[in-house]
Amino acid sequence: MSAMRKVLLVALLVGLAVGGAWAWYQFSGRFTSIGKILEDPREYTGREVTIKGKAGEGFTVLGHGGFEVDDGTGAIQVVTTRGAPPAGKQVVVTGVVQDLMTIGTTSAVASFESVEDG
């Protein structure tokens, strides 16, 4: 095998390893499914989680915000000390799950401090 082929083979293997690590990081257990949180909110209450999804309509009042995040498995209300992102934007949010209020069968069960572009 020529030296050039060896270099190309090593570069290909490194590229596959880096790509695999990136995919694992992006799609592994890094994010908690909103559906799982809603299935058993008591199990998650008081625990820090990270969710990823699309921001829904929200509001911002004096720098504090509230909005919904939908990840395809469910939607959860998010309350934050930062303003709400634009509706439709992919976001990654991290924070502690709290049962903030229940109205009928609808619960607002999340309070997140970190809101990032997703």
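The values are calculated or read from the model by the stated rules, or taken from the named source; none is laboratory data. As the structure is a prediction and not an experimental result, all values here were calculated from the model. For neighbour counting, all protein chains shown are included, and Cβ atoms are generated from backbone atoms with ideal geometry for every residue, glycine included.
Annotations
- Any chance Thr94 is part of a strand (DSSP E or B), of a type in the set (Val, Ile, Thr) and modelled with pLDDT of 85 or more: yes
- Consider the range 49-78 and keep the residues that are β-branched (Val, Ile, Thr) and over 14 Å from the mean Cα position of the chain (by Cα). The one that is surrounded by the most Cβ atoms within 10 Å (Cβ to Cβ) is Thr60.
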